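*Asks:* Would you mind keeping the following structure in view while I ask a few things?
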Amino acid sequence: MPARLGAVLAVLTMAAACSGGDSGGTGQSATPDAAGEPAQGGVLNYVTDVEPTCWDLQQQSTIASQTLLRNVLDSLVRLTPDGEFHGWLAETWEVSPDGTTYTFHLSDGVTFHDGTPLDAAAVTFNLDRWIASGINLAPSVPYESATATDPRTVTVQLTEPYAPLLQILSMPIVSIVSPASVEQYTPEQLCAGGEAIVGSGPFRSAAYVQGQSWTLERNDDYDWAPENADHTGAAHLDGVQVTFIQENSTRVGALSSGQAHLVSNVPPVDVANLRGGETDVLTAEAPGIPYSLQLNTATGPFADPAVREALRVGVDYDTLVESLYHGLFPRAWSLLTPATANAYDASLEGEYGHDLAAAQQLLDDAGWVPGDDGIRVRDGERLEAAWIVNQAWIREQRDVLGEGIQDAALELGIDLQRETLDPGTFTARAQAGDYDLTDMSQSRAEGDMLNLAYRSTLTPSGGGVNYTQLADPDVDQLLGDAARATDPAQRSDLYAQVQQRLSDGSVAIPVYVPTYLLGTSAGVHGVHFDAPGVPWSFFDVWLDQAQ
Amino acid sequence: MTARVLVAVLRRAGSALVVLWGAATAVFFTMHAVPGDPEDVILGQELLVTEELRAQVRADFGLDRPLPAQYLTFVGNLARGDLGRSYLLQQPVADLIRDQLAPTLQLAAAGLLVAALLATVLAVLTTGRSGIARQLAVVLEVVAISAPAYWVGIVLLAFLSFRLGWFPAFSDGGLRALVLPALTMGIAIFGLLSQVLREAAENAERQPFALTARTRGLSRLAVTARHLLKHASIPALTVGGWVVGGVVGGAVLIEAVFGRPGLGRLTLQAVVNQDIPLIVGLVLLSALVFVLITIVLDVVYRLVDPRLGTRS
């Protein structure tokens, strides 16, 4: 069953994505295949920008903690950026024909860092703990139970078919930790990290100095790498030294002066300088929802599709994105990014272009005529829109981009009033529906991301991220069908229909595809990205002898 | 005599407690008046947040009770020395502050030492003089005062670490990694100290005793170093005390640039995330620091200038 599924996915993947090592196009670039055998030993010096605030993913889950913990914690299955699933802690698995029963056959002889066995009971413990946490998408899973049928078999029973399950199980959010460690340490200690993080991964957590660094040591017993990894057995590196430095210029300087092997989140402006010579920059496009403007379709000016369409074609997003991100972040055309394997609808690319005259015509026809100050007016009402911005989501110079969009909208006669709000105020405003537009990107390697962003019930007050307040029964129906469908091709088709429908209604405006920029020095090899578009564990990484 | 000292000490301690209580109360109510809930901080990156989960997190932190009740619990816990638990880091606030105190104290001590040295040398060399040297010194001071510490740090890093490789770019816990952050902090502070010191020394120089000392045959430099600086140190100490109180604020940027652990970094994180218990803890700490500085300065003034001694 998994083999057949894999074959279908592979075919789809070849059609939909993948440009291999080319950093242009879709997908990602990887370190070039180095000549010669991987060298053993050495400590990788990794400098990253965001320090996790809690190291227990079932208490608090952030991209930062998920990404780093991938080095220490394994999952049942591995999803690669091409959309393929591979055996990991579960060597093989089967899905029942009705899509409600998943049976996982665990690898033999797997142990946690504390020496306890990773068996079926440990897996069911972790699955139950994840569902009970109420976070990490748990509420979206129609979970009934997980049963240890025998020491190496786990059966997950759902109340209805739910195809996105495997993708969720592949993420660090459902990684398998030692049940003994959860018993031994208090929730506070688990959150504080350090030695309380006990998984089965290629590295063990050795020491954590809050505000400074995290030290990883190789797990010499490791012999259960995912089936698609470059090698088997233990990691090449002796260890990893992770240092937390928020300041971009310090990270970039540390890389260019040889004080770091790898640095996270290089600003686009520094990429040209770092390419060539002793350093390079690897890229990976994020899956999920691209950076996009989410227009409130329920009330205000954007309740009118013509005004939404005017904002979509009336602003030259191409030029804004190109100039701000130095050509590194691709323009987005759909509400899923190309890296969302098996769900992205490439037919939407270039579907419309910048056309100021057409946009003005649309607004004229809708009865919005230019007023004295250039802002359009209808029945004495100015064409103003409140754009609420969540301060916590401002990265990649989105504030600069926002000002560019504001200026272009002014030319159209639309007054976009950007308000940067702290996360609390933002949530309050969003839940009250008190805004006309907002902006976001959401990373997830599943077409089901559309469900969280456009299902009528999952508005901010409903606990989701449907900031468009869209209530379209057809979209709801398609999203529900896609989650229940067991045939990957059918799912892919349903998600394509959703993307087309959203595009036809201009409910949101895709702007750019967030792209991970990972700075690396020449002596580092075997760096891979994970499906969520972030660095995968450093299991395959090796350093030149000289390092 | 002893009774009077005891009363004075008690009065000091009492007013210190009132200051601390007032600061804590003000922060508590201000932060709770800001819109937004702690569950937004804790569940910030969740894509799907159910009402049940929200309610559970609120109950977990005792936020489901009316504000006055929360305040009473807060003050009660405070009286027992319990600062509560950080929303974001989910650790006891007292532990967090204790762990991050040492690196910041280390940075502050090294930075103040650098500042005091620079300011003293510059003041001694330029007091009562005119000409190029003095003008240069004034320019240097103004530049140091107005240059953002953040920028100074980046410039130092670019030359002394990235280019020349003399110092590590980020903290490994060693002393060599302390040099650049300490220089950055010293440069940010010394300009003000040096100006105050020179101005006060020049005031003192106009007094008869300075002339007397000169007529005894002492050189101008010696007069400045031996006599005038002592007079000038009172205002410099006042400014210095004020600077020490603001060290945590200055450390925010320096710790971020150099990737150092410490209270500055913790403060930034707390404020950005509206982590109320942590913010209250840090405000209490800085109130305590100011109270202590005032007391210490009172004692030091008397040591430096016996004329301020008690006339009992």
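The values are calculated or read from the model by the stated rules, or taken from the named source; none is laboratory data. These numbers were taken from a predicted model, which means no experiment stands behind them. Note: ideal-geometry Cβ built from the backbone for every residue, glycine included; neighbour counts use all protein chains shown. Calculation scope for accessible area: heavy atoms of the full protein, side chains included, ligands and nucleic acids excluded. Shrake-Rupley method; radii C 1.70, N 1.55, O 1.52, S 1.80 Å.
*Asks:* Can you work out which of the residues in the stretch A:390-401 that are among the hydrophobic types (A, V, I, L, M, F, W, C) and over 22 Å from B:A270 (Cβ atoms) is surrounded by the fewest Cβ atoms within 10 Å (Cβ to Cβ)?
*Replies:* The qualifying residue surrounded by the fewest Cβ atoms within 10 Å (Cβ to Cβ) is A:V400.
*Asks:* Can you list residue pairs whose Cβ atoms sit under 6 Å apart, with the first residue in the stretch A:40-68 being assigned by TED's automatic domain parsing to the domain that holds A:A522 and the second being outside any loop (DSSP other than H, G, I, E, B) and open to solvent by 30 Å² or more (accessible area, probe 1.4 Å)? Count only pairs 6 or more apart in sequence or on different chains.
*Replies:* Close Cβ pairs (under 6 Å, with a partner that is outside any loop (DSSP other than H, G, I, E, B) and open to solvent by 30 Å² or more (accessible area, probe 1.4 Å)) amount to A:V43/A:Q241; A:N45/A:Q241.
*Asks:* Just need a number here: residues in the stretch A:422-444 that are open to solvent by less than 20 Å² (accessible area, probe 1.4 Å), within 13 Å of chain B (Cβ to nearest Cβ) and either part of a helix (DSSP H, G or I) or of a type in the set (A, V, I, L, M) (or both).
*Replies:* Qualifying residue count, the stretch A:422-444: 4.
*Asks:* Considering every residue within the stretch B:106-119, establish whether at least one is open to solvent by 60 Å² or more (accessible area, probe 1.4 Å), assigned to a helix (DSSP H, G or I), within 21 Å of B:R260 (Cα to Cα) and within 14 Å of another protein chain (Cβ to nearest Cβ).
*Replies:* Within the stretch B:106-119 (the criterion being open to solvent by 60 Å² or more (accessible area, probe 1.4 Å), assigned to a helix (DSSP H, G or I), within 21 Å of B:R260 (Cα to Cα) and within 14 Å of another protein chain (Cβ to nearest Cβ)), the answer is yes, since at least one residue qualifies.
*Asks:* Oh, and also: Cβ-Cβ under 6 Å, sequence separation 6+ or interchain: first residue in the stretch A:336-358 and within 21 Å of A:V307 (Cα to Cα), partner open to solvent by less than 30 Å² (accessible area, probe 1.4 Å). Which pairs?
*Replies:* Cβ pairs passing all conditions: A:L348/A:S334; A:L348/A:S503; A:Y352/A:V313; A:D355/A:V313; A:L356/A:G314; A:A358/A:V313.
*Asks:* In the stretch A:336-372, how many are acidic (D, E) and under 28 Å from the mean Cα position of the chain (by Cα)?
*Replies:* Result for the stretch A:336-372: 3.
*Asks:* Just give me the residues in the stretch A:55-111 being surrounded by 21 or more Cβ atoms within 10 Å (Cβ to Cβ), within 14 Å of chain B (Cβ to nearest Cβ), touching a Pro at 6+ places or on another chain (Cβ under 8 Å) and of a type in the set (S, T, Y), in sequence order.
*Replies:* Those that are surrounded by 21 or more Cβ atoms within 10 Å (Cβ to Cβ), within 14 Å of chain B (Cβ to nearest Cβ), touching a Pro at 6+ places or on another chain (Cβ under 8 Å) and of a type in the set (S, T, Y): A:S65, A:T67.
*Asks:* Looking at A:G288 and the list (1) open to solvent by 20 Å² or more (accessible area, probe 1.4 Å); (2) within 12 Å of chain B (Cβ to nearest Cβ); (3) within 30 Å of A:A343 (Cβ to Cβ), which single condition is not satisfied?
*Replies:* Failed condition: (1).
*Asks:* When you go through (1) more than 7 Å from chain A (Cβ to nearest Cβ); (2) under 27 Å from B:T238 (Cα atoms); (3) crowded, with 16+ Cβ neighbours inside 10 Å; (4) within 26 Å of the chain's Cα centre (by Cα) one by one for B:Q100, which number turns out not to apply?
*Replies:* For B:Q100, the exception is condition (1).
*Asks:* Of everything in the stretch B:81-92, what is away from chain A (no Cβ under 12 Å) and aliphatic (A, V, I, L, M)? Give them in sequence order.
*Replies:* As a first pass, look at the stretch B:81-92 and keep what is away from chain A (no Cβ under 12 Å): B:81-84.
Matches in the stretch B:81-92: B:L83 only.
*Asks:* Please give the helices (runs of 4 or more DSSP H) falling wholly within the stretch B:211-312 in which 1 or more residues are charged (D, E, K, R) and closer than 30 Å to A:T243 by Cα.
*Replies:* B:247-258, B:263-272
*Asks:* If you don't mind, another one. Would you point out the residue of the stretch B:168-210, among those that are away from chain A (no Cβ under 14 Å) and part of a loop (DSSP other than H, G, I, E, B), that is nearest to B:V244 (Cα to Cα)?
*Replies:* Once the filter is applied, the top-ranked residue is B:L175.
*Asks:* Take A:A453 and tell me if it is in the same structural domain as A:T299 (by TED's automatic domain parsing) and either open to solvent by 10 Å² or more (accessible area, probe 1.4 Å) or touching a Leu at 6+ places or on another chain (Cβ under 6 Å) (or both).
*Replies:* In short, no.
Yes/no per residue for (1) surrounded by 16 or more Cβ atoms within 10 Å (Cβ to Cβ); (2) modelled with pLDDT of 90 or more:
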site: B:G128; (1), (2): yes, no
site: B:L178; (1), (2): yes, yes
site: B:E199; (1), (2): no, no
site: B:Q207; (1), (2): no, no
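*Asks:* Give me the pairs: first residue in the stretch B:67-81 and more than 14 Å from B:W21 (Cβ to Cβ) and in the same structural domain as B:P35 (by TED's automatic domain parsing), second residue open to solvent by 40 Å² or more (accessible area, probe 1.4 Å) and in a helix (DSSP H, G or I), beta-carbon distance under 7 Å, and six or more apart or on different chains, which are they?
*Replies:* Matching pairs, first to second residue: B:L67/B:H32.
*Asks:* I'd like the full set of residues that are more than 14 Å from every other protein chain (Cβ to nearest Cβ) and open to solvent by less than 50 Å² (accessible area, probe 1.4 Å), limited to the stretch B:59-80. Even if it seems obvious, please write down each step before you answer.
*Replies:* Taking the stretch B:59-80 and keeping what is more than 14 Å from every other protein chain (Cβ to nearest Cβ), we get B:62, B:64-80.
If the condition is that a residue be more than 14 Å from every other protein chain (Cβ to nearest Cβ) and open to solvent by less than 50 Å² (accessible area, probe 1.4 Å), then B:G62, B:A69, B:Q70, B:Y71, B:F74, B:V75, B:G76, B:N77, B:L78 are the ones that fit.
*Asks:* So which of A:W393, A:W333 ends up being under 27 Å from the mean Cα position of the chain (by Cα), in the same structural domain as A:D504 (by TED's automatic domain parsing) and modelled with pLDDT under 95? Reasoning before the result, please.
*Replies:* On the way: A:W333 fails: modelled with pLDDT under 95.
A:W393 is the lone residue from the list that is under 27 Å from the mean Cα position of the chain (by Cα), in the same structural domain as A:D504 (by TED's automatic domain parsing) and modelled with pLDDT under 95.
*Asks:* Check whether at least one residue in the stretch B:248-258 is within 12 Å of the chain's Cα centre (by Cα), more than 14 Å from every other protein chain (Cβ to nearest Cβ) and surrounded by fewer than 19 Cβ atoms within 10 Å (Cβ to Cβ), and report yes or no.
*Replies:* yes
*Asks:* Right, something else. Would you check if B:A133 is in contact (Cβ under 8 Å) with a residue 24 or more places away in the chain, in a helix (DSSP H, G or I) and in contact with a helix residue (DSSP H, G or I) (Cβ under 8 Å, 6 or more places away or on another chain)?
*Replies:* No: the conditions fail for B:A133.
*Asks:* Okay, moving on. On the basis of being in contact with a strand residue (DSSP E or B) (Cβ under 7 Å, 6 or more places away or on another chain) and either within 14 Å of chain B (Cβ to nearest Cβ) or within 19 Å of A:Q397 (Cβ to Cβ) (or both), does A:L282 make the cut?
*Replies:* no
*Asks:* Is there a residue in the stretch A:113-130 that is on the phi < 0 side of the Ramachandran plot, touching a residue at least 24 places away in the same chain (Cβ under 8 Å) and within 14 Å of another protein chain (Cβ to nearest Cβ)?
*Replies:* Yes; the residues of the stretch A:113-130 include at least one that is on the phi < 0 side of the Ramachandran plot, touching a residue at least 24 places away in the same chain (Cβ under 8 Å) and within 14 Å of another protein chain (Cβ to nearest Cβ).
*Asks:* Name every residue in the stretch B:26-58 that is under 19 Å from B:L72 (Cβ atoms), open to solvent by less than 40 Å² (accessible area, probe 1.4 Å) and hydrophobic (A, V, I, L, M, F, W, C), in order of residue number.
*Replies:* So the first thing to find is which residues in the stretch B:26-58 are under 19 Å from B:L72 (Cβ atoms), and the list is B:26-33, B:38, B:58.
This time we only want the ones that are open to solvent by less than 40 Å² (accessible area, probe 1.4 Å), so: B:27-28, B:31, B:38.
Within the stretch B:26-58, B:V27, B:F28, B:M31 qualify.
*Asks:* May I pose another question? Quick check on my filter: what residues within the stretch A:341-389 are touching a Gly at 6+ places or on another chain (Cβ under 7 Å), surrounded by fewer than 21 Cβ atoms within 10 Å (Cβ to Cβ) and part of a loop (DSSP other than H, G, I, E, B)?
*Replies:* Of everything in the stretch A:341-389, those that are touching a Gly at 6+ places or on another chain (Cβ under 7 Å), surrounded by fewer than 21 Cβ atoms within 10 Å (Cβ to Cβ) and part of a loop (DSSP other than H, G, I, E, B) turn out to be A:G374, A:I375.
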